[in-house]
1. List the number of the failed condition for LEU41; all other conditions in (1) assigned to a strand (DSSP E or B); (2) exposed (fewer than 11 other Cβ atoms within 10 Å of the Cβ); (3) not hydroxyl-bearing (Ser, Thr, Tyr) hold.
2. All but one of (1) in contact (Cβ under 8 Å) with a residue 60 or more places away in the chain; (2) surrounded by fewer than 18 Cβ atoms within 10 Å (Cβ to Cβ); (3) in a helix (DSSP H, G or I) hold for ILE33; which doesn't?
3. Give me the pairs: first residue in region 64-77 and within 19 Å of GLY92 (Cα to Cα), second residue surrounded by fewer than 24 Cβ atoms within 10 Å (Cβ to Cβ) and among the polar types (S, T, N, Q), beta-carbon distance under 9 Å, and six or more apart or on different chains, which are they?
4. Select from region 148-182 the residues that are in a helix (DSSP H, G or I) and among the aliphatic types (A, V, I, L, M) and write down the one among them that is modelled with the lowest pLDDT.
5. How many of the residues making up region 185-217 are assigned to a strand (DSSP E or B) and either in contact with a Cys (Cβ under 8 Å, 6 or more places away or on another chain) or under 21 Å from GLU100 (Cβ atoms) (or both)?
6. Could you please give the count of residues in region 189-227 that are farther than 14 Å from LEU168 by Cα and either of a type in the set (Ser, Thr, Tyr) or touching a residue at least 40 places away in the same chain (Cβ under 8 Å) (or both)?
7. Within region 89-122, which residues are under 16 Å from SER67 (Cβ atoms), free of Cβ contacts under 8 Å to residues at least 40 places away in the same chain, of a type outside the set (Lys, Arg) and assigned to a loop (DSSP other than H, G, I, E, B)?
8. Residue under question is LEU126, and the condition is that it be over 16 Å from the mean Cα position of the chain (by Cα), modelled with pLDDT of 90 or more and surrounded by 17 or more Cβ atoms within 10 Å (Cβ to Cβ); does it hold?
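The values are calculated or read from the model by the stated rules, or taken from the named source; none is laboratory data. Just so you know, these numbers come straight off a predicted model, no measurement behind them. Note that we place each Cβ from the backbone using ideal geometry, even for glycine, and neighbour counts take in every protein chain shown.
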Amino acid sequence: MKEIKIFLASSGNLQDERDEIEKLISRLNDDWIKKDTYLKLIIWEKLSAKFSTQRKQEDFNDEVRKSDVFICLIHDKIGPFSKEEYDAAYDGFITNSKPELVYIYFSDKEIKPSQITENFKSVLDLKMEISKNHQFYRTYNSVDGLLYSITRDFETDLETLSIFSPKLKMLEILEKSNQGISDYLETNNSASLLLTGLEYDKLEEIKPSLLKLNIATFESNGNMIANRPDGHIRAGWVLTKLSNY
């Protein structure tokens, strides 16, 4: 079963949102498990409290770097630890490492004048930083609105991380006539392949997604071979990995 790790970072005063997101992930898993995929929510409260050989926050930052999805909730401030987690997530994202999906949600709930402190500037600074990097964030006015946005974003994006993602579909097709190709591509940037007509037709269906997601390209090498026991003629192709393979 494929496991998708979702790291949730937030301001300390958004506990209601954190609790509801945990419930949402549990409900979503009812459907995702049918797709042989499990959504694992990672929150600092449930991480180990054991002493570390490094600064404890670095353990949390490491968890961010190992996660597939990063969610950050912000209201009237972004604390230094949440900012570290955001920076770790964004650095991993832009270097085509992990996390592969980053979502930032700003709460638009009313802030009383007495609650506005100098820390509120950290919120404005982060919004400016996100915009400067030509990225996108969402705002929400209620917990229900937040859950709706997360559900909608997941419906659009999580499929690319699931076991049914274009990359995994591609490898499943290629393994039929090219046993061991998945392992080979872990350490090589290109590979020569053989494909039957049926395998090629299946690959054609997902090739637009492979290209759009910067996973891989295919070019014919002009070779033909028919020396397999099944008698099927196979054509030669060259696969080249792209940045998001």
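1. Here LEU41 clears every test but (2).
2. So the condition that ILE33 fails would be (1).
3. Hits for this filter: ARG65/SER97; ILE71/SER10; CYS72/SER10; CYS72/SER82; LEU73/SER10; LEU73/SER11; LEU73/SER82; LEU73/SER107.
4. LEU168
5. Within region 185-217, residues that are assigned to a strand (DSSP E or B) and either in contact with a Cys (Cβ under 8 Å, 6 or more places away or on another chain) or under 21 Å from GLU100 (Cβ atoms) (or both) number 2.
6. So the answer is 11.
7. THR95, SER97
8. So LEU126 passes the test.
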